[in-house]
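Here the structure is laid out as structure tokens; the discussion comes afterwards.
Since every read-out is calculated from the coordinates, none of them should be taken as a lab result. This structure is a prediction, so every number in the text was calculated from the model and none was measured. Positions of Cβ are generated from backbone atoms using ideal geometry, with glycine treated the same way; all protein chains shown enter the neighbour counts.
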């Protein structure tokens, strides 16, 4: 096992990694910008090194500075956390070249999944479901109808040469299909001089469901359950759940097996997440994140697996500490991302924390680098805390989250706590009836109006 | 289910009960003394009533005032928490008489277990092991030797008429037995005019191991695992663990079955704890606590059962929400009681909290009614927080607790956090080698000395 | 909403009282209504969390804390127990005392019923009753001001 | 919805009162409704938590903080990167500069090795070297003071 790890990140995730290291008896090196000298993880780290000014490119994205810090402090491994350099294949390669362990997958796998085309091709090869539709171009309207019936309406007719929405038509039913077919072809002809079109299922109300896997260097790959991250604003996740309120046990088993098998065949090592759009029982692979996710705590709650310590373990060449048979999904977990932002305009609201009271008690977890007197720098992300709850079932988890949010006190900066409270009291949310478009509309109706 | 519950307690346990009520959608009434007007649970309660001045007898032990508060506010049930009136049979009876539900066992069971003699007799009847020894007086030294061999040395020879240590002799082995026998008899003769003596196993290095059970009104009784509470100072528990580091799976199963069966036969309802002295594989029943325990969170962590909500559920006449087969003990949990006291003299140190930072992250739970600006009243208990951690095994739980204690910041009052840190780093503790005498000696050696 | 506008006037008045008296906070609550005005003083940051936490609190509880608590009035007759206060010995009979009336020290001025027993509340001093702060049949908590004798 | 719009007006009104009265906080509650307007003034006690948190800090951290004093010196030559500082171009050769020596602006006074490349550190101004704060071969972090030129 490593004796010293450098944490190439900041905020709550740097603290999360530091906690795992402490518990494993591994010394920690915090690298930070001049704006983060007072950060919690810097204060708690065994060693800390200032690597640059506040600007990301000169500090947290500064590969050379981070590598120098690792060499100088004698760190044997670098944990990149999420964001920043966590999915930067070039950085992972540099780290490998310096005989330092990158706590993540190989640079090849990062590069492979970083290229969306190659990622989809790979997944297809390993039988991970993509958007259902025609295999390539569709010859005539009859075959289009046949395929449409298979994948189910609505369907999308797209120019193979297409892009930018041109040569793209939606058909809600068979009667619309023929017209859509012709319009799409003529548009395609005009736009790209090529009237070849293909057909795929149109996801009009999809959910964002992602699958957590983790593999070791001994060929073991675990499926740790899915997360439903459909509640997003401007592609930023706001509230996540595990398990998804809509999947059946069988669907969970199916997508879990498919994903784990694919990763096993790929020889994927360390933590990774396969993101899918889900609708009407169809899973469509979008992309894979080759790193730890912000929302990993909901998975830790339902699977009882410490993802960060397992990441470190497998990076050190050890086998995963649990087998798939030991993983039993228990109860329901919800995470609320607490941001320092204006509750109406959503503009980030950095500032000095003058009151901070953390909720506590049974089934409540708070991951936050906040402390009273801390000044949130304006240079970085506005997420200041993750509040996560666990309960025997979803209704109880919702009740527990509401209870915890009531107890939480943050003053000095504005937060989105009220937004979470509104979401948790909404009938549709309580029924689990939401798509990736739901939150934007909800905000339009319930927040902007005020 | 109840719509309104009165919480007849204060501090962290009042908050614990309030949280359970909130999550169950039950309104809460906080009763408090004038010294607790600013208490967290009073602030969070739906209603609050001042029932008297700071003195316990006039407030938290004031049966009439609490009952009046319940009648006036229309509370359907009273949760007594621990301590105060929680084991007061007369109060439970009064509550029953007023057609209010007492969240606890029947007044008869409280009274029965309150009487040590009757409690032991009852347990014996239901085959719960007591101190092993001669069944009544021992005729001659030969039979004494026989019994001594059965129960194992050291043994204690006691005058049946005895008391106050007179006519009481310890024999560490067979060679000492004969002499001890004669001395004990003659002492007994002189002291009580009766030389009849009996023999029992002498527990020279026992552990305090207690068994958590909970029953409903439908004849179900659950065994939720044991707690090892051997680390005590002046009979005050300081640090508790679940499960015990010394019990085998079989021993756990044995004492669990024995206890659950006894409670089933007794028709015991609600939460209860059977306390045992344990040594060399022998369990000796000491007493039963007919209430929730301070250290219940370690049990909640390993059993995944919410004890307080189950208490309320069964008090309302509903069945327990889990069956014994659903209870699987997972990992290891440790609780540290954080007291506001002088670390050397252990004298309570009430005062105003000017800084309070709660530890967080995976597997960490804090039950505390503290907040910044709160003044700890001098009239009551000095326990201000319970820090509880859960991990896959004991070494990891110890590491996690050390990590969490490092993060915890309390200023304005002195605390015993340093004592816990010393205990957690001690070799004997880490090996689990301690008895009920261990902590006192440890403090002598490591604290007083400083 | 008109009620809200009335509240606005009250706030101005309270603000002035705040200035006159040099208080840092005034809070008034009755039934579903609550008004609080506060002004930060120098060493305020320890108070603010309390204020924060207060947002969760019940009106009754806060009233008893209000700086203007009549319980602090030297002439206040304080409730020695929690119970139901009665101004009349019988529902039909006339009140024991009324505002403006002179009373003797030790004179029974009110009854408080607790656990089905009626407890006589006696004047702690002689004087004139200037205010009666509760109405008959109303629950009172320990230490709550019942009336003022001056 | 309309009620909410009215609330907005009230907030504006309250905000104005807050300004004119110099209050720091106004709160109005009625049944399920609550309006609270506040304006943060100075927070004094926020310093102590920081000090508290500092107690958790590692020695190295405190060390780098104590180094911040010379870094504020106008004559301080600050490290533009993390790396290993060298006072001599070659292990054997004499130091580039020494205390008491006069240097020209732009003169190479030190080398910092990062990622196997040696970066020349030049004097930002002409003057006399009064202090050299690091020894050859010692790691330096970004912004750390290397020497003082006066």
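Go through A:89-98, A:424-433 and give me the packing order, highest mean Cβ count within 10 Å leading.
Ranking, from highest mean packing down: A:89-98, A:424-433.
Give me the angle, in degrees from 0 to 90, between the Cα long axis of helix B:394-407 and the longest principal axis of the Cα atoms of chain B, rounded to the nearest 10.
Rounded to the nearest ten degrees, it is 40.
Angle check, please: helix B:116-125 long axis (alpha carbons) against the longest principal axis of chain B (alpha carbons), in degrees 0 to 90, nearest 10.
70 degrees
How crowded by other chains is B:392-400, given as the mean number of beta carbons from other chains within 10 Å of each beta carbon?
3
For label points placed 7 Å from Cα toward Cβ, what is the shortest-first list of nm distances from residue B:129 to its copies?
When each copy's label point is compared with this one, the spacings are 5.6 nm.
Within 10 Å of each Cβ of A:280-290, how many other protein chain Cβ atoms are there on average?
Per residue, the number of nearby Cβ atoms from other chains is 0 on average.
Enter the Cα centre distance for the pair the stretch A:210-245 and the stretch B:187-205, rounded to the nearest angstrom.
Here the two parts' Cα centres lie 67 Å apart.
Give the nm distances, rounded to one decimal, from residue B:176 to the matching residue in every other copy, measuring between label points 7 Å along Cα toward the beta carbon; shortest first.
Ordered by increasing distance: 9.2 nm.
What ranking of A:375, B:382 emerges when the number of other C-beta atoms within 10 Å of each C-beta is taken as an exposure proxy, fewest first?
Ascending Cβ contact count within 10 Å gives the list A:375, B:382.
With everything on Cα atoms, drop me the angle between helix B:141-151 and the longest principal axis of chain B, reported from 0 to 90° to the nearest 10.
The helix B:141-151 is inclined about 40 degrees to chain B.
When the Cα centres of the stretch C:73-110 and the stretch A:132-185 are compared, how far apart do they sit, in Å?
Between the Cα centre of the stretch C:73-110 and that of the stretch A:132-185, the gap is 86 Å.
Arrange A:103, B:170 by Cβ neighbour counts within 10 Å, fewest through most, would you?
With the fewest neighbours first, A:103, B:170 line up as B:170, A:103.
Taking only the Cα atoms of the stretch A:63-212, how large is their convex hull per residue, in Å³?
147 Å³
Pop a pseudo-label 7 angstrom from the Cα along the beta-carbon direction at both residue B:55 and residue B:246 and give the gap in nm to one decimal.
Inter-label distance under the simple model: 4.4 nm.
Between residue D:150 and residue D:69, 0.36 nm times their residue separation minus their Cα-Cα distance comes to what?
My answer for the length gained is 27.6 nm.
Using a label point 7 Å beyond Cα on the Cα-Cβ vector, give me the inter-copy distances for residue C:106 in nanometres, one decimal, shortest first.
10.5
State whether the stretch A:347-450 is rounded, prolate or oblate according to the following rule on the C-alpha gyration tensor (a ≥ b ≥ c being the square roots of its eigenvalues): a/c under 1.5 gives rounded; otherwise a/b larger than b/c gives prolate, and the remaining case gives oblate.
Oblate, because a/c is 1.5 or more while a/b does not exceed b/c.
Do the sum for chain B: with -39,500 (n - 2.57) for every DSSP H run of n ≥ 4, divided by all residues, what is the mean residue ellipticity at 222 nm, to the nearest 500 deg cm²/dmol?
Only helices count here, giving -10000 deg cm²/dmol.
Set the Förster radius R0 to 56 Å, insert the Cβ-Cβ distance between residue A:280 and residue C:138 as r into 1/(1 + (r/R0)^6), and round the FRET efficiency to 0.05.
0.40
Based on the Cβ-Cβ distance from residue A:323 to residue B:179, what FRET efficiency comes out when R0 is 56 Å, to the nearest 0.05?
Rounded to the nearest 0.05, the efficiency is 0.40.
Suppose each label sits 7 Å from its Cα in the direction of the beta carbon; what would the residue B:97-residue A:161 distance come out to in nanometres?
Once both label points are built, they end up 9.5 nm from each other.
Tell me the volume per residue, in Å³, of the convex hull enclosing the alpha carbons of the stretch A:240-310.
About 102 Å³ per residue, rounded to a whole number.
Among the residues of chain A, which one places its Cβ closest to the rotation axis that maps chain A onto chain B, and what is that distance in whole Å?
A:358, 2
Over the protein assembly as shown, what portion of Cα pair distances is larger than 43 Å, expressed as a whole percent?
52 percent
In whole Å, what are the extents of the stretch B:74-139 along the principal axes defined by its C-alpha atoms, from largest to smallest?
Result for the stretch B:74-139: principal-axis Cα extents of 62, 20, 17 Å.
Given the options A:211, A:355, A:128, which has the most mean-square fluctuation in a GNM of chain A, springs set between C-alpha atoms less than 10 angstrom apart?
Largest GNM mean-square fluctuation: A:355.
If we count other beta carbons within 10 Å of each Cβ, what is the order of B:386, B:116, B:402, C:116, fewest first?
C:116, B:116, B:402, B:386
Which whole number gives the average, over all residues in D:115-126, of C-beta atoms from other chains lying within 10 Å of the residue C-beta?
1
For the stretch A:57-91 and the stretch B:325-391, what is the separation of their Cα centres, given in Å?
38 Å
What is the list of residues in the stretch B:22-38 whose amide nitrogen lies under 17 Å from a point 7 angstrom out from the Cα of residue A:393, following Cα to Cβ?
Residues passing the 17 Å test: B:23-26.
Grab the Cα-Cα distance for residue A:150 and residue A:64, subtract it from 0.36 nm times how many residues apart they are, and report the gain in nm with one decimal.
25.7 nm is the gain from fully extending residue A:150 to residue A:64.
What FRET efficiency comes out for residue B:265 versus residue B:130 if R0 is 22 angstrom and r is the Cβ-Cβ distance? Round to the nearest 0.05.
It comes out at approximately 0.85.
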